[in-house]
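Novice: Pasting a structure here, questions to come.
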């Protein structure tokens with residue numbers, strides 16, 4: 001794939017791709033809750049931990065960090081951990097510090 005210093009290839013959840021000027025993009029990482037049933041946001045990166053709230057499909061959250069199949073996500077003033085498999089915008093196995 002070609003790369004350009006001031007442009008980034010982006011992709012939306014439906015797979016449409018295009019180029020966007022870097023200055024129009026945020027450095028802050030986000031993710032979108034995938035379609036289906038509401039997804040649980042846990043207190044810890046553990047499926048057995050308390051569910052703080054459920055996020056409906058299409059909800060956008062700020063990703064703080066990810067590892068071991070979980071991401072810390074902030075949705076408004078609420079925050080917790082969601083499985084990577086429940087969101088679009090973070091790849092399986094991707095680590096974000």
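The values are calculated or read from the model by the stated rules, or taken from the named source; none is laboratory data. Owing to the predicted nature of the structure, the values given are computational and were not obtained by experimental measurement. Cβ coordinates were reconstructed from backbone atoms using ideal geometry, including for glycine residues, and neighbour counts include every protein chain displayed.
Novice: Criterion first (more than 10 Å from the chain's Cα centre (by Cα), at pLDDT below 95 and surrounded by fewer than 14 Cβ atoms within 10 Å (Cβ to Cβ)) does residue 92 satisfy it?
Specialist: Here the answer is yes, as residue 92 does meet what is asked.
Novice: Anything in region 21-45 that is part of a loop (DSSP other than H, G, I, E, B), in contact with a strand residue (DSSP E or B) (Cβ under 8 Å, 6 or more places away or on another chain) and modelled with pLDDT of 95 or more? List them, or say none.
Specialist: 34, 38, 43, 44, 45
Novice: Please go through region 7-39 and pick out each residue that is surrounded by 12 or more Cβ atoms within 10 Å (Cβ to Cβ) and closer than 16 Å to residue 66 by Cα.
Specialist: Correct list: 29, 30, 31, 32, 33.
Novice: Specify the residue that is farthest from residue 94 (Cα to Cα); the eligible residues are those in region 6-20 that are part of a loop (DSSP other than H, G, I, E, B) and touching a residue at least 12 places away in the same chain (Cβ under 8 Å).
Specialist: Residue satisfying both the conditions and the ranking: 6.
Novice: Could you list all residues from region 5-42 that are in contact with a helix residue (DSSP H, G or I) (Cβ under 9 Å, 6 or more places away or on another chain) and more than 19 Å from residue 80 (Cα to Cα)?
Specialist: Passing the criteria: 5, 6, 7, 8, 36.
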